[in-house]
Amino acid sequence: MKTAERSIPPSAPMAPPVPQGLFALLTRIKQKVDLLVSCFCIGLVGVMTLLVTYQVVTRYLFNSPSAVSEVLSRYLFIWLVLIGGAYVFGLREHMAITFMRDRMSHKVRIVLEMLGELATTAFALLVLGIGGYIGMARQMGQLDSALQIPIGVIYAAIPISGVLAVFYCLYNQYALARQFSSKQPGV
């Protein structure tokens, strides 16, 4: 009795190739950074939810608003926006208008994406990384009136998001360069 061989239909999607070498190492590092950053952002949202709930309860039930919870939730929101923005950029899920780019050939599209990544890397490095660090360092001597912590601690979100964005940009550049040099799109 013969067993029938099961064949894969030609239209079935193929599994993406497993990255090898340096790209595999970078991918593993990126996945760990993604996990760390996403857990951090989820934690920030959780803490902000508790702080805002506490603020509402103290304001409306006890008629005694808490200045600390209001200021702290505002600062945590700043951190969430900056770190979350870098994370979304790393996932390449940021907002983009792709009408013209989608009409171009695969190679031209990759070159345009690489130029965009390069511009973003320059911005993240110079403005967020270096400029953010300078701003943070200058504010370390000034204390917040409600929390009594240095304002530079709040400003630290700027260079941290810059470092994350530069890391993600370099990873994306390397992945795009691999796509450009490969024969198949999306490799």
Task: Output for region 144-169, where each listed residue is at pLDDT 90 or above and open to solvent by 80 Å² or more (accessible area, probe 1.4 Å) - done: 155, 163
Open item on the list: Just the residues that are among the β-branched types (Val, Ile, Thr) and without any contact (Cβ under 8 Å) to a residue 24 or more places away in the chain, please, taken from region 132-155.
Closed with: 134, 149, 151, 153
Open item on the list: Looking at region 144-159 only, could you name the residues that are farther than 17 Å from residue 81 by Cβ and touching a helix residue (DSSP H, G or I) at 6+ places or on another chain (Cβ under 7 Å)?
Closed with: 144, 146, 147, 152
Task: Output for region 175-185, where each listed residue is of a type outside the set (A, V, I, L, M, F, W, C) and surrounded by fewer than 16 Cβ atoms within 10 Å (Cβ to Cβ) - done: 178, 181, 182, 183, 184, 185
Open item on the list: So, in region 41-64, how many residues would count as being in contact (Cβ under 8 Å) with a residue 24 or more places away in the chain and more than 16 Å from residue 89 (Cα to Cα)?
Closed with: 5
TODO: Any chance you could count how many residues in region 41-69 are touching a Leu at 6+ places or on another chain (Cβ under 9 Å) and under 21 Å from residue 83 (Cβ atoms)?
DONE: 7
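The values are calculated or read from the model by the stated rules, or taken from the named source; none is laboratory data. Here the structure is a predicted model, which means the values were calculated and not measured. Because the Cβ atoms are built from the backbone with ideal geometry, glycine has one as well, and the counts that use them run over all protein chains shown. Accessible surface is based on the protein model in full, side chains and every heavy atom, while ligands, DNA and RNA are left aside. Shrake-Rupley method; radii C 1.70, N 1.55, O 1.52, S 1.80 Å.
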